[in-house]
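Visitor: Below you will find the structure I want to go over with you.
The values are calculated or read from the model by the stated rules, or taken from the named source; none is laboratory data. What you are looking at is a predicted structure, and each value in this text was computed from that prediction instead of being measured. Every residue, glycine as well, gets a Cβ built from its backbone with ideal geometry; the counts of neighbours run over all protein chains shown. We work out accessible area using only protein heavy atoms, side chains counted, and drop any ligands, DNA or RNA first. Shrake-Rupley method; radii C 1.70, N 1.55, O 1.52, S 1.80 Å.
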Amino acid sequence: MEGPSLPPASPESYPLRTLEELENLSSYLESFHFPFNKASVPLPVEERIHLRSQMRPRLLVCHDMKGGYQDDRWPQGSSNGGAYSIWHWHLIDIFVYFSHSLVTIPPPCWTNAAHRHGVQVLGTFITEWNAGKVLCKKLLESKESVYLYASHLTNLAEVLGFDGWLINIENNVEKHNVGNLLEFVRLLTELMHERVPGSTVIWYDSVTKDGVLRWQNCLNQQNKCFFDLCDGLFVNYTWKGDYPKKSAEMAGHTRQYDVYMGIDVFGRGTYGGGGYQSNLGLIAARNAGVSAALFAPGWVYETGQGPSFMDAQNRWWGLVADCWPSVRKYPTKLPFFSDFNQGFWKHYFSDGNEVCSIPWSNISCQNLQPFLRLESAPRQGALKCEVSDECPVYRGGACLKFFGSFDEASYCLTTLYETNIEIVRPFDVIYSIKSKTDSSLSFLLKMRHKSSVNHVLLDATDSFDEVVNHPMPGVVLVRPEVPVQEFQGWTLLKYKVENSGKLEAIMAVSCSSKQRVSGFIENMETLKDTHNNQQSSSWTGNILKQNNNPIMPLTSLVPYEAYIGHISMSAPHEHDFNREGAFEMPFEISNVCWKEASGKRLVNLKLTWMLKASLVSEIMHFNVSVQNENGNNFLPLGVAMVEAFYVYEFEVAEECHTLTFLLQIMYKCGCLWPINQCPTVDLLIT
């Protein structure tokens, strides 16, 4: 049972704390932890380039929580089912991971989740106070030292898969070294642009052109020399009401949106006061024609805002959405899959069956999040839609719940995704639903072909028979394929959509299952989801016309409750993958290490594999499970985002002589390899 040992720890994300560590970067790149810290979800180059080409206010979010590297420091996930997460990516352009260590490397979970939603991720290079002054002497001692450290920072971003750096020099710099500091900013920006096209380097408002630490709280002649050499300025957060306008004027009309006015959500002298008044700073920045940077939005989590983290998080980001409209559309291509996972769960399900009851968090597993405005409680005559972890869910650890009450004579429409997908051939839509008696839920797809708009109605429960009996221009009804499958109270529906054009929106239609409406969608202009009005809540009610007349005020309220377990869109047969010869290198065990602790027999080991290069782009992640020779089912161990998984301190019963590890591939369309076709490898215990 002896074997070569690995460091007795799970793979971990961590910063570089000294210039020596950065100088000897090869030590990090050859470390045990390095392969696990590579992001697996790339950000398309066009997404990076598109950001800077847009003349509009941008939103930067700087994540600073308890010094950084909390639950998110474990690339394979943590056991905290209540860990912090962000899921309002449609409002964000740039995400910065911040700590007070010299080189803050973003944990891959943040990069994966952000990239999946089209958001850039930056690390932080920071020097502070007296120790920072000493560091800057070495950093800036020569042109050669400047090139060395700038090139190593560039190399880190390139090989780990993130998109740039925030530079924060919060200490005095000797005046004769300011020239080299400017060269450091210029060179890092230039190298990043060469090696990671469309990347971003931002300067924090701290040191002036004379090397003096004096926050300006705006863009002016004291800090413009740094701004001119990089992609933007993160303005310190104690600015006054007219500073955004002055900064816009100083930047000029071609670069005004490269100024990010800082807003400290903890409210430490910040404009507007922070907390639930952080939107005041956003409004001031937007009105002045500049961008904004929210610092430490984890305030909601750290200060225990109630009644629950999810409620408080949605309330806070709802205020942001009111004044900072959505800038992002997704998905942008097929295949598309989401089970609405927000990066944490209390239990894990497959086809409606619970397979694991251990709480977990892994932001890398976060799927594309729906565009929801959430309130603390539904109003009468309205439906509320929220991500829920109520048991049992269909798949993963969450589902989408619609509930409340509304007029039984009306239909309610909710936009889930604002999309931008060019459809050139037929595609399949698969989703799972569950509903209470008399609650019907269907999907509506908005598609544009040249100048005309069509709506494809995926009817789940025959609630729209009148559309068939009275066909109308611009409305296509699609019935599910048969036989319809049932799993633990969930209904799995599959549709083939043959319309082409641009898919612009994915919407849910709620109604009473008893309802029949002749003339449904007769005037498509009435399909206005209140999500598109940022001053309104996300629920939609009584928005369609009945018999060519506006629906009258509420008459008979009925309760409503329905759930969506997942949704998948893909080309036909996209899930029919050839599993023969899929691996370049087989599924293997290495670095086995046994130990005894508190009378328990524990094993550490590393699992590795390598897919053929042509398949890598089709993969979402890998599920890793284990089974002993007496077990009937495989026990989930975790999710791997890279082609390796480390099993740490797994308890092995004394009577166990064989452990079988199983690797299951999940594709981007949501399809999983059948268990009986997945590769396995045995650990024989002697």
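Visitor: Within segment 419-446, track down each residue that is more than 27 Å from residue 406 (Cβ to Cβ) and part of a strand (DSSP E or B).
Guide: 420, 421, 422, 423, 427, 428, 430
Visitor: Does segment 105-112 contain any residue that is aromatic (Phe, Trp, Tyr) and in contact with a Ser or Thr (Cβ under 6 Å, 6 or more places away or on another chain)?
Guide: Within segment 105-112, the subset aromatic (Phe, Trp, Tyr) is 110.
Narrowing further to those that are in contact with a Ser or Thr (Cβ under 6 Å, 6 or more places away or on another chain): none.
There is no residue in segment 105-112 that is aromatic (Phe, Trp, Tyr) and in contact with a Ser or Thr (Cβ under 6 Å, 6 or more places away or on another chain).
Visitor: In segment 579-630, how many are within 33 Å of the chain's Cα centre (by Cα), modelled with pLDDT under 95, farther than 21 Å from residue 669 by Cβ and among the aromatic types (Phe, Trp, Tyr)?
Guide: Final tally of qualifying residues: 0.
Visitor: Have a look at 260, 271 and point out the one that is among the hydroxyl-bearing types (Ser, Thr, Tyr), buried (at least 20 other Cβ atoms within 10 Å of the Cβ) and under 22 Å from residue 110 (Cα atoms).
Guide: 260
Visitor: Kindly establish whether residue 224 is among the basic types (Lys, Arg), over 21 Å from residue 293 (Cα atoms), modelled with pLDDT of 95 or more and open to solvent by 20 Å² or more (accessible area, probe 1.4 Å).
Guide: no
Visitor: Let me spell it out: the conditions are (1) in contact with a Lys or Arg (Cβ under 9 Å, 6 or more places away or on another chain); (2) surrounded by 19 or more Cβ atoms within 10 Å (Cβ to Cβ); (3) at pLDDT 90 or above, and residue 389 meets all of them except one. Which number is the exception?
Guide: Exception for residue 389: condition (3).
Visitor: How many of the residues making up segment 392-414 are surrounded by 24 or more Cβ atoms within 10 Å (Cβ to Cβ), more than 22 Å from residue 445 (Cβ to Cβ) and of a type in the set (Phe, Trp, Tyr)?
Guide: Counting residues in segment 392-414 that are surrounded by 24 or more Cβ atoms within 10 Å (Cβ to Cβ), more than 22 Å from residue 445 (Cβ to Cβ) and of a type in the set (Phe, Trp, Tyr) gives 1.
Visitor: Tell me, yes or no, whether segment 206-217 has at least one residue that is without any contact (Cβ under 8 Å) to a residue 12 or more places away in the chain and not hydrophobic (A, V, I, L, M, F, W, C). Working first, answer last.
Guide: Going through segment 206-217, the residues without any contact (Cβ under 8 Å) to a residue 12 or more places away in the chain turn out to be 214.
After this cut, where a residue has to be not hydrophobic (A, V, I, L, M, F, W, C) as well, the list is 214.
Checking segment 206-217: at least one residue is without any contact (Cβ under 8 Å) to a residue 12 or more places away in the chain and not hydrophobic (A, V, I, L, M, F, W, C).
Visitor: How many of the residues making up segment 486-532 are modelled with pLDDT under 50, within 24 Å of residue 436 (Cβ to Cβ) and more than 32 Å from the chain's Cα centre (by Cα)?
Guide: 3
Visitor: Sort out which residues of segment 190-221 are polar (S, T, N, Q) and open to solvent by less than 10 Å² (accessible area, probe 1.4 Å), and write them in order of number.
Guide: Those that are polar (S, T, N, Q) and open to solvent by less than 10 Å² (accessible area, probe 1.4 Å): 199, 200, 206, 208.
Visitor: Hey, another quick one. Please go through segment 356-367 and pick out each residue that is buried (at least 24 other Cβ atoms within 10 Å of the Cβ) and among the aliphatic types (A, V, I, L, M).
Guide: 363
Visitor: Let me spell it out: the conditions are (1) among the aliphatic types (A, V, I, L, M); (2) crowded, with 20+ Cβ neighbours inside 10 Å; (3) closer than 19 Å to residue 303 by Cα, and residue 65 meets all of them except one. Which number is the exception?
Guide: The failed condition is (2).
Visitor: How about segment 456-473: which of its residues are open to solvent by 20 Å² or more (accessible area, probe 1.4 Å) and modelled with pLDDT of 60 or more?
Guide: As a first pass, look at segment 456-473 and keep what is open to solvent by 20 Å² or more (accessible area, probe 1.4 Å): 460-462, 465-466, 468-473.
Hits for segment 456-473 are 460, 461, 462, 473.
Visitor: Given the criterion assigned to a strand (DSSP E or B) and β-branched (Val, Ile, Thr), identify the matching residue among 41, 61. Reasoning before the result, please.
Guide: Details: 41 fails: assigned to a strand (DSSP E or B).
Residue meeting the stated conditions: 61.
Visitor: What about residue 669, is it surrounded by 14 or more Cβ atoms within 10 Å (Cβ to Cβ), free of Cβ contacts under 8 Å to residues at least 40 places away in the same chain, touching an Asp or Glu at 6+ places or on another chain (Cβ under 9 Å) and part of a loop (DSSP other than H, G, I, E, B)?
Guide: No: the conditions fail for residue 669.
Visitor: Just need a number here: residues in segment 274-291 that are in contact with a Gly (Cβ under 7 Å, 6 or more places away or on another chain) and buried (at least 19 other Cβ atoms within 10 Å of the Cβ).
Guide: Counting residues in segment 274-291 that are in contact with a Gly (Cβ under 7 Å, 6 or more places away or on another chain) and buried (at least 19 other Cβ atoms within 10 Å of the Cβ) gives 4.
Visitor: What do you reckon, is residue 34 at negative phi, over 20 Å from the mean Cα position of the chain (by Cα) and either open to solvent by 10 Å² or more (accessible area, probe 1.4 Å) or not aliphatic (A, V, I, L, M) (or both)?
Guide: yes
Visitor: I need the full set of residues from segment 121-171 which are hydrophobic (A, V, I, L, M, F, W, C), closer than 18 Å to residue 212 by Cβ and open to solvent by less than 10 Å² (accessible area, probe 1.4 Å), in order please.
Guide: Passing the criteria: 126, 136, 139, 140, 167, 169.
Visitor: Answer yes if at least one residue in segment 317-332 is in a helix (DSSP H, G or I), in contact (Cβ under 8 Å) with a residue 60 or more places away in the chain, within 29 Å of residue 219 (Cα to Cα) and within 16 Å of the chain's Cα centre (by Cα), and no otherwise.
Guide: yes
Visitor: Right, something else. Which ones in segment 613-652 are open to solvent by 50 Å² or more (accessible area, probe 1.4 Å), not in a helix (DSSP H, G or I) and not small (Gly, Ala, Ser)?
Guide: 618, 628, 629, 630, 632, 633, 634, 635, 643, 648, 649, 651
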